[in-house]
Amino acid sequence: MPASAAPPAHDQGDSPAARSRLPAVLLMAGSCLPILGAVLIAPVLPRLQDHFAHVPGGAALVPLVLTVPALALAVLAPFAGVLVDRLGRKRLLVAATVLYALFGTAPLWIDSLYGIVLSRVLVGVVEAAVMTCCTTLIGDYWTGRERDRLLALQTMCASVSATVFLVLGGALGSAGWRTPFWLYAVGLLLAPAMARTLPAPAPAAAPRPAAGPRPFPVRRMAGICLLTVFGGVVFYAVPVEMSFLLDDLGVASTGVIGAVTALASAATVLGSVLFTRLADRAGRRLPALFLLCAAGFLLMGTAGHPALLVAGAVVNCVGTGLLLPSLLTLAMSRLDFADRGRGTGLWTAAFFLGEFICPLALLAGEGAVGDLASSVGLLGLLTLLVSAALLPATRRAAVVPPGRVPEGL
């Protein structure tokens, strides 16, 4: 953290949040809400398509019901970060969680496909606030290795919850395409608990420099946000494309595909667990982590047998489980208390922009090289180049004097 601004008193591990596990549990639960929005209704999209088959443009609009929240989150998270710093973390989180439940359950009562798509845009808006607030509060309440551990736990919860929500969405979808939307009502249970349990951070505890307010550290955040966009593409490639890759190799059993998806999710969790066991200096590990992800992609891209494909996916997902918390902790280390909301919003936007770009990039690669497996291999080569390009920056960072934050990666 820059020497110009000391962290607030509660950032030293002596806050009520740091002395209790319940705030951490609530923030982890809140961090899973955008994941619920991203995957819950995937299993019922065919039913939704059939229901609105008579609507002009329905074939294009129905997929947006699933994807548009991520796009809205990516676009609006920076603005959510500004609101976080100006209005306060806790107040905005509680309000956004209530709105999440209201907008998320709206398709239960709406009969218009256009209205449902609009409600999903609003879900993305409040998801931007929820995700930014949760991550910012983790940075406010904890510091050092404990903060890193919780940021890694956030990744683990996201990976596990994605699999759980897919299963729940499929099970609830058997009762009708509207039924999974009831799960969004969980926000009405979380919001009162957050209001009662989460301590309010005290921004006044962070002294300002004598020269007046500092400008937001744009240069310090630009590189890590750009890298995070690419990291988002790398992170989502396996979850998005694994079923298609298996199908291309002749695996049509939904049970096998589900088991492989769970195995990949477990590998991501393993990577996050390994992150908590490593020493600090997340930035210096980035070349090795991108190299690990690249190795997984290259194995997947050249696999001629499902077993090799699964092995490559596991290698890649261990790497992404390490990569995501490394990128996030590196971003956090560059932010003072007064900047943390805006900085976290920018980082969140960068990551979810990568999620949105991922299938489009692989589709474009498929068009260029002929098939999906080769497109994944091409992504592996690009990831390898990124790993090599990061080496000089990490070497420069290694010689920066203590107490200073390098401007590069």
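The values are calculated or read from the model by the stated rules, or taken from the named source; none is laboratory data. Quick caveat: nothing in here was measured; it's all calculated off a predicted structure. So basically every Cβ, Gly included, is an ideal-geometry build from the backbone, and we count neighbours across all protein chains shown.
Quickly run through segment 237-280 and pick out the residues that are at pLDDT 85 or above and among the polar types (S, T, N, Q).
The one that is at pLDDT 85 or above and among the polar types (S, T, N, Q): T268.
Somewhere in segment 300-319, is a residue touching a Pro at 6+ places or on another chain (Cβ under 6 Å) and touching a residue at least 12 places away in the same chain (Cβ under 8 Å)?
Kept after step one, since they are touching a Pro at 6+ places or on another chain (Cβ under 6 Å), are these residues of segment 300-319: none.
So far as segment 300-319 goes, no, none of its residues is touching a Pro at 6+ places or on another chain (Cβ under 6 Å) and touching a residue at least 12 places away in the same chain (Cβ under 8 Å).
Scan segment 331-338 and tell me whether some residue there is of a type outside the set (A, V, I, L, M), part of a helix (DSSP H, G or I) and modelled with pLDDT of 85 or more. Break it down stepwise before answering.
Just the residues of segment 331-338 that are of a type outside the set (A, V, I, L, M), to begin with: 333-334, 336-337.
This time we only want the ones that are part of a helix (DSSP H, G or I), so: 337.
Imposing the further condition that a residue be modelled with pLDDT of 85 or more reduces the set to none.
There is no residue in segment 331-338 that is of a type outside the set (A, V, I, L, M), part of a helix (DSSP H, G or I) and modelled with pLDDT of 85 or more.
Please enumerate the residues belonging to segment 158-187 that are buried (at least 20 other Cβ atoms within 10 Å of the Cβ), closer than 14 Å to M28 by Cα and at pLDDT 85 or above.
Within segment 158-187, G187 is the sole residue that qualifies.
Is there a residue in segment 81-104 that is buried (at least 19 other Cβ atoms within 10 Å of the Cβ) and within 16 Å of the chain's Cα centre (by Cα)?
Yes, that holds for at least one residue.
Looking at G345, G341, G367, can you tell me which residue is assigned to a helix (DSSP H, G or I), farther than 20 Å from C134 by Cβ and not hydroxyl-bearing (S, T, Y)? Full working, then the answer.
Values: G345 fails: farther than 20 Å from C134 by Cβ; G341 fails: farther than 20 Å from C134 by Cβ.
None of the other options fit; the residue is G367.
Can you tell me which residue in segment 367-387 is modelled with the highest pLDDT, limited to those that are surrounded by fewer than 19 Cβ atoms within 10 Å (Cβ to Cβ) and more than 17 Å from T320 (Cα to Cα)?
S374
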